[in-house]
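The values are calculated or read from the model by the stated rules, or taken from the named source; none is laboratory data. The shown structure was predicted, so the numbers you read here are calculated from the model rather than taken from an experiment. Because the Cβ atoms are built from the backbone with ideal geometry, glycine has one as well, and the counts that use them run over all protein chains shown.
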Amino acid sequence: MDVRPGRHSIVPLLALLCAPTPVFPIAPARLRDLTGATVVDLRDDHDGPRREDRGGGQTVLEFETLRRLLREVQTIAVVGLSADEEAESYGVAAYLQQAGYRIIPVNPRYAGQTILGERVYASLREVPVPVDIVDVFRRPDGVPPIAEDALALSPRPKLFWMQVGIEHPEAARRLEAAGVPVVQNVCLRATHRLLALG
């Protein structure tokens, strides 16, 4: 599958909330975010991934591309995963683990300990297995070094994901220029549910 990014493969879906039990109406053909500026194509009546330039320098990565990718990947490194079971990062990681993905916790605070039955690593560079998706729970100003760590992995991740409230356009451009697609300001758990993969 070709998931090479366009100029800015960003999915700014502010409507995808990371609530424990989000409620989605019957999915329309197209889903518009809360700003009314970006439309993501949900239709399956075409072959292969397409992206639409909606202006403002952003290109929308279609949901069908995400659906195919999330069906193929196996390992998700969750950067900033907390050991607190009430934390959003823990809830998202636990959901993804229950959905069948292997979760690799990355957080220097808990390095050497275990979260969700998996050893915690201080940084992405220490993870000894291939990582398919990097899922980030960090402040935006902490994203650039994580992006550099992701680019240092071999093989490189298939997707770099920033959770709700996290965006860093410069880091996204750096990743995409190196061939790593990027999603910003979107909940991976909510997207997984919306795509009926859970």
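Of the residues examined, residue 180 is one that is out of contact with any Asp or Glu (no Cβ under 7 Å at 6 or more places or on another chain), under 15 Å from residue 76 (Cα atoms) and in a loop (DSSP other than H, G, I, E, B). Here residue 175 clears all of (1) over 29 Å from residue 67 (Cβ atoms); (2) surrounded by 14 or more Cβ atoms within 10 Å (Cβ to Cβ) except the condition numbered (1).
Every condition in (1) assigned to a helix (DSSP H, G or I); (2) at pLDDT 95 or above; (3) surrounded by fewer than 14 Cβ atoms within 10 Å (Cβ to Cβ); (4) within 19 Å of the chain's Cα centre (by Cα) holds for residue 95 except the one numbered (3).
Between 129, 106, 120, the distinction of being in contact with a strand residue (DSSP E or B) (Cβ under 8 Å, 6 or more places away or on another chain) and exposed (fewer than 14 other Cβ atoms within 10 Å of the Cβ) belongs to 129 only.
A search for C-beta distances below 7 Å between a residue of region 82-111 that is basic (Lys, Arg) and any residue that is surrounded by fewer than 14 Cβ atoms within 10 Å (Cβ to Cβ), counting only pairs 6+ apart in sequence or on different chains, returns 102/74.
Of all the listed residues (78, 127, 143, 134), the sole one being β-branched (Val, Ile, Thr) and without any contact (Cβ under 8 Å) to a residue 40 or more places away in the chain is 143. In this structure, residue 154 does not qualify as crowded, with 23+ Cβ neighbours inside 10 Å, hydroxyl-bearing (Ser, Thr, Tyr) and under 19 Å from residue 74 (Cα atoms).
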